[in-house]
Amino acid sequence: MSVRETWATRIGFILAATGSAVGLGNIWRFPFLTGESGGAAFLVVYLLLVVAVGIPILLVEFVIGRRSKRNPIGAFDQLGHANWKFAGAVGALAGFIILSYYSVVGGWVIQYLLASFTGGYGAEAEAFFLSTASGPTTVLFHAVFMTVVAGIVALGVRNGIEKAATVMVPSVIVLLVGLAIYGSTLSGASAAYQYYLYPDMSTLLGDALSVLPAAAGQAFFTLSLGMGVMITYSSYLDEDRNLLRDTGFIVVIDTGIAILAGLVVFPFLFTQGVTPGEGGAGAIFISLAGAFSQLPAGELIGGVFFFMLLLAALSSAFSIFEVVVSFIIDTFDVDRVPASIGLAVIIFALGIPTALDLTYLDTYDKFANNILLILGGLLLSLFVGWVYAAESREELDKGRSSGRFGSVWLNTVRFVVPPVLLVTLGLAVVEYYEFIQSTFF
């Protein structure tokens with residue numbers, strides 16, 4: 001077996017894990033889901049789920065990964081519970097599906113970035129998106145994006161993933177802050193903030209139930225939970241790392257960027273009189289391209305935005321890619337380069353249907369995020385809470401004693417997380433069935 005790599009620096013792991021969380025999920029998916037789901041009510045439910053479920057599950061994955069030093073599937077063999085391998089397999093499958101369409105959207109971003117230099121999307125924003133979103137050119141840029149991702153991962157944990165994240169994540173944060181400041185000067189900023197940050201308390205409970213599956217799926221997606229990323233990344237950790245502190249850093253940065261993304265996107269939409277949430281996943285591209293084309297120095301602003309979006313997309317894509325590469329290396333003792341090349345070809349092939357027909361994007365997205373990620377999180381919480389509790393608490397206390405928080409965490413994983421995720425999963429299955437019926441029948 002090859003020697004398992006470790007992170008070169010403490011900040012490298014934090015930035016890589018944050019980069020996994022800070023991707024298209026925060027900057028592309030979060031604003032359009034917030035718009036689809038009623039604005040501030042969605043934001044409130046999302047934040048509650050991050051605290052009540054996201055933080056405990058992130059720690060669950062860190063504990064499993066660092067203790068096993070294996071990929072999400074092999075981890076359960078290493079921990080002596082091979083009959084639980086299916087829990088890791090669910091997450092790996094989710095990541096596989098997500099990356100197949102994520103790479104297609106990453107290809108869109110590259111096309112928009114190139115068009116920003118020429119004003120290519122101009123006044124015909126919808127026509128440009130339709131030509132970008134599906135067809136042979138889309139397949140080509142899907143291949144370009146996947147090639148870049150595979151190239152970064154092939155370089156290794158330290159020389160590829162860690163170095164890339166160290167540059168990309170701070171750049172994303174700086175560019176987002178700059179765009180948010182610019183957005184605050186637009187005429188639609190006040191209305192955007194009202195819509196985004198001030199929920200209608202009289203309808204919040206009813207809204208909360210209706211947006212629960214989407215908010216839970218988004219919380220898992222943005223924190224890279226349930227898909228094996230954090231198990232894989234923590235498997236490269238040294239034993240003396242303080243998992244509680246690292247979790248706090250990652251959650252705060254990720255959640256802050258998710259909220260910041262809304263402060264960037266919504267002022268542009270409201271300034272152009274666009275209703276948030278209309279038109280699905282592609283609406284953000286259409287609306288923002290139209291908005292940029294109407295602004296002074298719009299080509300420059302658009303270029304900055306899509307460059308930032310590309311960095312964010314890459315930082316999370318190579319983390320999902322690493323999950324399966326790690327499994328291939330651990331299981332078959334294959335070198336990293338051929339494992340990366342072979343996997344890139346497979347994922348590229350799986351993404352071709354999405355690159356040719358947008359219907360597949362929503363179909364894959366809702367299934368992977370709202371069902372598989374939640375199911376994966378539920379299974380992991382049951383394993384740590386009821387099967388591997390004593391060992392998990394021991395692992396959590398390495399580096400620094402967790403004290404009373406460790407007991408609170410374990411009880412939350414046992415008694416709070418499973419029922420919340422079970423209810424959410426039930427609602428998500430019903431919602432997905434209705435979506436399939438209305439879309440294909």
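The values are calculated or read from the model by the stated rules, or taken from the named source; none is laboratory data. What you see is a predicted model, and the numbers here were worked out from it, not measured in a lab. Every residue, glycine as well, gets a Cβ built from its backbone with ideal geometry; the counts of neighbours run over all protein chains shown.
The sole residue among E36, E61 that is of a type in the set (D, E), touching a residue at least 40 places away in the same chain (Cβ under 8 Å) and surrounded by fewer than 24 Cβ atoms within 10 Å (Cβ to Cβ) is E36.
Taking region 168-193, which residues are in contact with a helix residue (DSSP H, G or I) (Cβ under 8 Å, 6 or more places away or on another chain) and of a type in the set (V, I, T)?
To start, the set of residues in region 168-193 that are in contact with a helix residue (DSSP H, G or I) (Cβ under 8 Å, 6 or more places away or on another chain) comprises 168-173, 175-180, 182-184, 186-189, 191-193.
Result: V169, V172, I173, V177.
If the condition is being under 24 Å from the mean Cα position of the chain (by Cα), small (G, A, S) and surrounded by fewer than 16 Cβ atoms within 10 Å (Cβ to Cβ), then region 383-441 contributes only G426.
Of all residues in region 11-27 being crowded, with 24+ Cβ neighbours inside 10 Å and hydrophobic (A, V, I, L, M, F, W, C), which is farthest from Y198 (Cα to Cα)? Among them, the one singled out is F13.
Scan region 354-372 for residues that are aromatic (F, W, Y) and under 15 Å from the mean Cα position of the chain (by Cα) and jot them down.
Step one: of region 354-372, the residues aromatic (F, W, Y) are 360, 364, 367.
Correct list: Y364, F367.
Contact list please: Cβ distance under 8 Å, first residue in region 314-341 and closer than 17 Å to V148 by Cβ, second residue among the basic types (K, R) and in a helix (DSSP H, G or I), pairs at least six apart or on different chains. Listed by first residue and then by second, the contacts come to V325/R336. Look at (1) more than 23 Å from R336 (Cβ to Cβ); (2) touching a Pro at 6+ places or on another chain (Cβ under 6 Å) and you find that G88 fails only one, number (1). A Cβ distance below 8 Å, combined with a sequence gap of six or more or placement on separate chains, defines the contacts here; from region 354-365, residues that are farther than 15 Å from G106 by Cα reach residues that are of a type in the set (S, T, N, Q) and assigned to a helix (DSSP H, G or I) in the pairs T359/T439; Y360/T354; D362/T439; T363/T439; Y364/S100; Y364/T354.
Of all residues in region 128-153, those that are over 26 Å from S293 (Cα atoms) have Cβ atoms under 9 Å from Cβ atoms of residues that are among the basic types (K, R) and assigned to a helix (DSSP H, G or I), 6 or more apart or on another chain, in I152/K163; V153/R336. Checked against the criterion of being at pLDDT below 90, within 27 Å of R67 (Cα to Cα) and surrounded by fewer than 19 Cβ atoms within 10 Å (Cβ to Cβ), region 217-239 has at least one qualifying residue.
Considering region 249-272, the residues that are among the small types (G, A, S) and touching a residue at least 60 places away in the same chain (Cβ under 8 Å) include one that is nearest to N26 (Cα to Cα), namely A258. Scanning region 344-357 for residues that are crowded, with 19+ Cβ neighbours inside 10 Å and either of a type outside the set (F, W, Y) or farther than 18 Å from S319 by Cα (or both) yields a count of 5.
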